[in-house]
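Colleague: Got a structure here, written out as structure tokens. Questions coming.
Since every read-out is calculated from the coordinates, none of them should be taken as a lab result. For clarity, every value in this text was computed on a predicted model and none was experimentally measured. No Cβ is skipped: glycine too gets one built from the backbone with ideal geometry, and neighbour counts run over all protein chains shown.
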Amino acid sequence: MSDRLPGFSTLAVHAGAQPDPTTGARATPIYQTTSFVFNDADHAASLFGLQAFGNIYTRIGNPTNAVLEERVAALEGGTAALAVASGHAAQVVILQQLLQPGDEFIAARKLYGGSINQFTHAFKSFGWNVVWADPDDIASFERAVTPRTKAIFIESIANPAGSITDIEAISTVARKAGVPLIVDNTLASPYLIRPIDHGADIVVHSLTKFLGGHGNSLGGIIVDAGTFDWSTDGKYPMLSEPRPEYHGIRLQETFGNFAFAIACRVLGLRDLGPALSPFNAFMILTGIETLPLRMQKHCDNAKAVAEFLAGHPAVASVSYAGLANDKYNQLARKYAPKGAGAVFTFSLKGGYDAGVSLVSKLQLFSHLANVGDTRSLVIHPASTTHSQLDDAAKVKSGAGPDVVRLSIGIEDKEDLIADLEQALGA
Ligand SMILES: *Cc1c(COP(=O)(O)O)cnc(C)c1O
């Protein structure tokens, strides 16, 4: 056995998995069971008291999901991970460990439309207050910090325009404020960007997108970087204070650099309940095996399509960080040298009506509300994902009325360009 550390593609295929010890099955089996038999009464008690690791009930953990957790933790360079039912569930579970009612978190204004909704409305009803900042203006994050700030939330490659966030600069703000930086890495995937290498404390994914990659299964995951010290002056009581639901255990003291992942599992997932189906974990694991191949093809296709659009007379502008003259190209070269992702926007000279008309004429592109599928996708954010925002907020979040969003798949790029050409020209 060589002492070489395995590379990314090897981890994508192997991390967390081994042949099934009882059957020899080489692919990770789907452990489609709700519960697991205890060896004896002592074993059961030690599992329930967090004195031993093991399977109890699939709402808290499952062996298929455990392989997925280990694999994504390895790909992101974290200490541990927790898989849940969706990206949105992951966001709830994370913030439940960090915020008490009345607390605040700072979020970048450029976010997935569903996250803007979740933060503005659902989280408000929990007493968690979002304060918006502009990812293009780092000082706006500093200005937003108050004594009640408990976290900062950004996307590495941000929806909908595929803009690149300066993770290191915002991580410096988070460190100064003494709060963890949470990075939603859904649009980049760890193949393009590993936020932990740039100072993120927690990474979150919608597995539904590029990691699963085939548009067939919802899932979410939380990765603990193991970098944050939760023990400071009772600021994070879920992690630092004795937990009455576990005989007074202090999670940070007991679990050290994976205490956050444990908190998300034993306090968040156990009590809130958004467990991932083992079947979905299996589908997503299968997807991850080809992540490096797919992601490179997604990016290469996206660049070719963006270049085509930039030269088309009906197109007013293209926002793709992989284009040399794009505002985010410098950041793309630094953070995502293999490619600037496959989700981006462009605007049409004909405005809103032209956007709606284009979407209806495309044939190979599917008109739907998802990204990160093998298939190419199109949507008009202003009338769909971002329709709940007022006009000014739409423009600020990159979803103005003339904007069309693409998620480029892994088809032949010539076919994608031909479809756009007929739809733009007709
Ligand atoms: C889709 C998405 C989410 C939400 O994930 P679900 O799995 O749909 O709950 C969060 N963030 C980003 C960037 C997304 O694309």
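Colleague: Residue 41 versus residue 352, label points 7 Å from Cα toward the beta carbon: distance in nm?
Modeller: 7.0 nm
Colleague: Kindly state, to the nearest 0.05, the FRET efficiency for residue 286 paired with residue 22, given R0 = 25 Å and r defined as their beta-carbon distance. Please report the intermediate quantities before stating the final value.
Modeller: Numbers: r = 21 Å, r/R0 = 0.85.
E between residue 286 and residue 22, to the nearest 0.05, is 0.75.
Colleague: Show which lysines lie in cross-link reach of residue 338 when reach means a straight Cα distance below 27 angstrom and same-chain residues fewer than eight apart are skipped.
Modeller: Reachable lysines: 110, 209, 297, 303, 327, 413.
Colleague: In debye, nearest 20, what is the charge dipole magnitude of the chain about its Cα centre with +1 on Lys and Arg Cβ and -1 on Asp and Glu Cβ, if you could check?
Modeller: 220 debye
Colleague: Leaving out same-chain residues fewer than 8 places away, which aspartates and glutamates sit with a Cα under 17 Å from that of residue 150?
Modeller: 103, 104, 142, 184, 201, 224, 229, 233, 241
Colleague: Okay, moving on. Between residue 388 and residue 134, what FRET efficiency comes out of the Förster formula 1/(1 + (r/R0)^6) with R0 = 25 Å and r the beta carbon distance, rounded to 0.05? Show your work: numbers first, answer last.
Modeller: Working: r = 20 Å, r/R0 = 0.79.
Efficiency, from the Cβ-Cβ distance: 0.80.
Colleague: Sequence gap at least 6, Cα distance under 8 Å: using those rules, report the relative contact order of the chain to the nearest whole percent. Intermediate results must be reported in sequence, preceding the final value.
Modeller: Working: 875 pairs, mean separation 72.2, N = 426.
Taking the mean separation of contacting Cα pairs over the length of the chain, I get 17 percent.
Colleague: Taking 0.36 nm per residue of sequence separation and subtracting the Cα-Cα distance, how much length would be gained by fully extending the chain between residue 70 and residue 57, in nm to one decimal?
Modeller: Fully extending the segment from residue 70 to residue 57 adds 2.8 nm.
Colleague: Counting other C-beta atoms within 10 Å, which of 233, 402 has the fewest, and how do the rest follow?
Modeller: Fewest-to-most ranking of 233, 402: 233, 402.
Colleague: If you don't mind, another one. Based on Cβ point charges of +1 for Lys and Arg and -1 for Asp and Glu, what charge dipole magnitude is obtained for region 291-425 about its Cα centre, in debye rounded to the nearest 20?
Modeller: 520 debye
Colleague: Within region 278-306, find all residues whose amide N lies under 15 Å from a label point positioned 7 Å from the Cα of residue 324 along Cα-to-beta-carbon.
Modeller: Taking a point 7 Å out along Cα→Cβ of residue 324, the residues of region 278-306 whose backbone N falls under 15 Å are 304.
Colleague: Okay, next question. Hey, what's the Cα Rg ratio for the chain versus the globular rule of thumb, 2.2 N^0.38 Å?
Modeller: Taking N as the residue count of the chain, the ratio is 0.99.
Colleague: Moving on. Please work out the C-alpha center-to-center distance from region 204-253 to region 23-37 and express it in whole Å.
Modeller: After rounding, the separation between the Cα centres reads 25 Å.
Colleague: Multiplying the sequence separation of residue 124 and residue 360 by 0.36 nm and subtracting their Cα-Cα distance, what value in nm do you get?
Modeller: Details: separation 236, 0.36 × 236 = 84.96 nm, distance 3.64 nm.
Additional length available on full extension: 81.3 nm.
Colleague: Quickly estimate the mean residue ellipticity at 222 nm for the chain, helices only: each DSSP H run with n ≥ 4 gives -39500 (n - 2.57), and the total goes over all residues, rounded to 500.
Modeller: Helix-only estimate at 222 nm: -10000 deg cm²/dmol.
Colleague: If each residue's Cβ is checked for other Cβ atoms within 10 Å, how do 72, 359 rank with the fewest at the top?
Modeller: Values: 72 30, 359 18.
Result, fewest neighbours first: 359, 72.
Colleague: Between region 362-419 and region 310-358, how far is it from one alpha carbon centroid to the other, in angstrom?
Modeller: What the calculation gives is 11 Å, centre to centre.
Colleague: Right, something else. What does DSSP give for region 8-287 in terms of the percent of beta bridges that are antiparallel, rounded to the nearest 5?
Modeller: Of those bridges, close to 50 percent are antiparallel.
Colleague: What list of ³J(HN,Hα) values in whole Hz, one per residue of region 19-28 in order, does the Karplus curve 6.51 cos²θ - 1.76 cosθ + 1.60 (θ = phi - 60°) give from phi, with Gly and Pro shown as x?
Modeller: Couplings: x, 4, x, 9, 10, x, 3, 8, 6, 5 Hz.
Colleague: Just want the ordering: 374, 149, from fewest to most Cβ atoms lying within 10 Å of their own Cβ.
Modeller: So the ranking, lowest neighbour count to highest, is 374, 149.
Colleague: If N is the number of residues in region 291-425, what value comes out of its Cα radius of gyration divided by 2.2 N^0.38 Å?
Modeller: Output field value: 0.99.
Colleague: Using R₀ = 41 Å, calculate the FRET efficiency as 1/(1 + (r/R₀)^6) where r is the Cβ-Cβ separation of residue 10 and residue 169; round to 0.05.
Modeller: Computed FRET efficiency for residue 10 and residue 169 comes out at 0.80.
Colleague: For the residue pair residue 241 and residue 412, what label-to-label distance in nm results when each label sits 7 Å from Cα along the Cα-to-beta-carbon direction?
Modeller: 6.3 nm
Colleague: Okay, next question. Quick one: which residues, 5 or more positions from residue 107 or on another chain, have an amide H under 5 Å from its amide H? H modelled 1.01 Å from N in the peptide plane, none for Pro or chain starts.
Modeller: Under 5 Å from the amide H of residue 107 lie the amide H atoms of 131, 132, 133, 153, each far enough along the sequence or on another chain.
Colleague: Also: Using a Gaussian network model on the chain with a 10 Å cutoff between Cα atoms, which of 415, 201, 134 fluctuates the most?
Modeller: In this elastic network of the chain, the residue with the biggest mean-square fluctuation among 415, 201, 134 is 415.
Colleague: Would you calculate the separation in nanometres between label points at residue 197 and residue 257, each defined as 7 Å from the Cα along the Cα-to-beta-carbon direction?
Modeller: 1.8 nm
Colleague: Want the number for residue 395 to residue 422: 0.36 nm per residue separation, take away the alpha-carbon distance, what's left?
Modeller: Contour length minus the Cα-Cα distance gives 6.9 nm.
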